[in-house]
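K.L.:
Below is one structure. I have some questions about it.
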Amino acid sequence: QLTGVLDDCLCDIESIDDFNTFKIFPKIQKLQERDYFRYYKVNLKRPCPFWADDGHCSIKDCHVEPCPESKVPVGIKAGSSNKYSKAANNSKELEDCEQANKLGAVNSTLSNQSKEAFIDWARYDDSQDHFCELDDERSPDAQYVDLLLNPERYTGYKGPSAWRVWNSIYEENCFKPRSVYRPLNPLAPGRVVFFFFFFFFFPWTGLCLEKRVFYKLISGLHASINLHLCANYLLEETWGKPRWGPNVKEFTRRFDPIETKGEGPRRLKNLYFLYLIELRALSKVAPYFERSVVDLYTGNGHEDAESKALLLDIFRDTKSFHMHFDEKSMFAGDKKGAKSLKEEFRLHFKNISRIMDCVGCDKCRLWGKLQTQGLGTALKILFSEKEIQSLPENSPSKGFQLTRQEIVALVNAFGR
């Protein structure tokens, strides 16, 4: 059991546990079940940009079942880009959407005003403050996925392909000390490495706060994925009927202080650190959603109102937590050096989001892309404080925007 204070913030494990268990978790779990947040549009066919495709996982549990068009709320299909107001989704657009043959047929349901807004948002997505590589929602390969029907769990995906993904993340895209333990190479005789293996690092010295934060975020994300897979593990399959559940032995092997030579607790502390970063982002972005112009629009007015009320309630809880990570201490040196470091920080993380297109298991890729985009959205929020504070009350702002994809990713990543 973890106890004590986390590094780089004045916060203790026990306070986070109590706050999450009694205030945040029950509400965030309800929010994830609502239509606006359960449908995520993703392109699982984007090619790996870094090395030749070495094949997709053929295990049936790696498969992601796309959502039939009839199951996706008509408001989400009609307004996946324009989420500000139901007024933008008039009756003709809804009729057109119901007759559409493809889930990705977004353009035909957009008004001219919506199209102009979409261009503005796309332009912003490509700006210097963007931390993630986003899928093109207009691509015919982009499909809606019901996250509740495609849970994150261990699928059996392992071997060289999985090893290469995390090796590239840590070795080429993560700030770290020069002296590191190399991961076990699955190409070596007798080695089998699962998708959720870990790297072992020597304790770092001399790394600045920003680089420590970056490494902790990636390590925390990795720990989060490992925990989900250990908690929802294929225990046995009898007569074609799988039984999923917690694999305590696997969890112990990856996090027990004795078996990991003291490394396991640090991995888990990095997960708490990741939680604090995303919690801070939620508290900072509250003014964006508190405006009347922002609707969580699905077409069901009653549910939309309840979803927004629940989200605002969660924001109030995040603000009540008194031990947030202070991001203002980051990039606070001389302006030129701070700007250069921030850009390096952003590019490293953007590259990691692109590496997720190299994951061979579709289900692993889905959840890797979603959680990476969620964290990227959190970072985008934390470094856009001035833009958020100056948002107009009654109209979309060109200075700071969140797409529906980013909103869904942010909430679900924090929920994980």
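The values are calculated or read from the model by the stated rules, or taken from the named source; none is laboratory data. This is a predicted model, so every value here is computed, not measured. Please note: Cβ atoms are built from the backbone with ideal geometry, for glycine as well, and neighbour counts cover all protein chains shown. To get the accessible areas, we keep the full protein, side chains included, count just its heavy atoms, and leave off ligands, DNA and RNA. Shrake-Rupley method; radii C 1.70, N 1.55, O 1.52, S 1.80 Å.
K.L.:
Just the number, please: carbon plus sulfur as a percent of the accessible area of region 313-416, 1.4 Å probe, no ligands or DNA/RNA counted.
P.N.:
Here carbon and sulfur together make up 49 percent of the probe-accessible area.
K.L.:
Send over a whole-number figure in Å² for the accessible area per residue of region 337-416, probe 1.4 Å.
P.N.:
Computed with neighbouring chains in place, this is 29 Å² per residue.
K.L.:
Greater than 31 Å separation of Cα atoms is the criterion. Which listed pairs, 269/398; 45/386; 328/363; 261/380; 284/336, meet it?
P.N.:
269/398; 45/386; 328/363; 261/380
K.L.:
With a point put 7 Å past each Cα toward its Cβ, work out how far residue 14 is from residue 239 in nm, to one decimal.
P.N.:
5.1 nm
K.L.:
Now for a separate question. Step through the table entries 71/308; 41/241; 211/339; 41/71, compare each Cα-Cα distance with 18 Å, and write down the pairs that go over it. Show your work: numbers first, answer last.
P.N.:
Details: 71/308 21 Å; 41/241 29 Å; 211/339 14 Å; 41/71 13 Å.
Beyond 18 Å: 71/308; 41/241.
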